[in-house]
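Chemist: Structure below; questions to follow.
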Amino acid sequence: MIINMKLWNSPYELIKNGSKTIEIRLNDEKRSLIKIGDIIEFTNNETFEKMQVEVINLYKYNTFKELYENHDKISTGYLEDEVANYNDMYLYYSKEEEKTFGVLAIEIKLIRR
């Protein structure tokens, strides 16, 4: 299955250069259908460039805090000199959504730019 997702330029470039290997999303209705081996086609929100990645693993958590405790900051999209803080995810998702759906760490591997 091919799943389409949008990304802002910064995380898009980090996946493209190979440092970001974990995409964090809510485990909502759409994401709960993702399976290992599926292809995700990311579209850059700013440049509209596309790339494809393969899902190589899925990790389900109740909270962003739990997810951040189990994955290193580089793989989740932070730079070496940045502080990884799970509260950053509340810029995109509400605590109510987190509680309703749980969260998903999608481990990916770049297959086509």
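The values are calculated or read from the model by the stated rules, or taken from the named source; none is laboratory data. The structure displayed is predicted, hence computed values, not measured ones. Glycine also receives a Cβ, built like all others from the backbone with ideal geometry; neighbour counts cover every protein chain displayed. Each accessible area value is taken on the protein alone, full model and side chains, heavy atoms only, with ligands, DNA and RNA left out. Shrake-Rupley method; radii C 1.70, N 1.55, O 1.52, S 1.80 Å.
Chemist: When the accessible area of region 11-55 is computed with all protein chains present and a 1.4 Å probe, what percentage of it is carbon and sulfur?
Modeler: 53
Chemist: If each DSSP helix of 4+ residues adds -39,500 (n - 2.57) and the sum is divided by the residues in the chain, what number results at 222 nm, nearest 500 deg cm²/dmol?
Modeler: On the way: 3 runs with 22 residues, N = 113.
Only helices count here, giving -5000 deg cm²/dmol.
Chemist: Determine the equivalent ellipsoid of region 45-95 by diagonalising the alpha-carbon gyration tensor, then write out the semi-axes as square roots of 5 times the eigenvalues, largest first, rounded to whole Å.
Modeler: 21, 16, 14
Chemist: Among the trypsin sites (Lys or Arg not before Pro) within region 1-70, which fall in a DSSP loop and have no more than 15 other Cβ atoms within 10 Å of their own Cβ?
Modeler: Working: sites: 6, 16, 20, 25, 30, 31, 35, 50, 60, 65; in loops: 20, 30, 35.
The qualifying sites are 30, 35.
Chemist: Next question, about the same structure. With the other protein chains left in place, how much accessible area per residue, in square angstrom, belongs to region 7-113 at a 1.4 angstrom probe?
Modeler: Accessible surface, normalised per residue, equals 57 Å².
Chemist: A further question follows. Roughly what % of DSSP beta bridges within region 1-87 run antiparallel, to the nearest 5?
Modeler: Here the antiparallel bridges make up roughly 45 percent for region 1-87.
Chemist: Any chance you could count the Lys pairs in the chain whose alpha carbons are under 17 Å apart, treating pairs 8 or more apart or on different chains as valid?
Modeler: For the chain, the number of qualifying lysine pairs is 22.
Chemist: Can you give me the three principal axis dimensions of the chain from its C-alpha atoms, in Å, biggest first?
Modeler: 34, 33, 24
Chemist: On to the next question. Specify the residue with the greatest mean-square fluctuation among 102, 18, 77, computed from a Gaussian network of the chain linking alpha-carbon atoms under 10 Å apart.
Modeler: Largest GNM mean-square fluctuation: 18.
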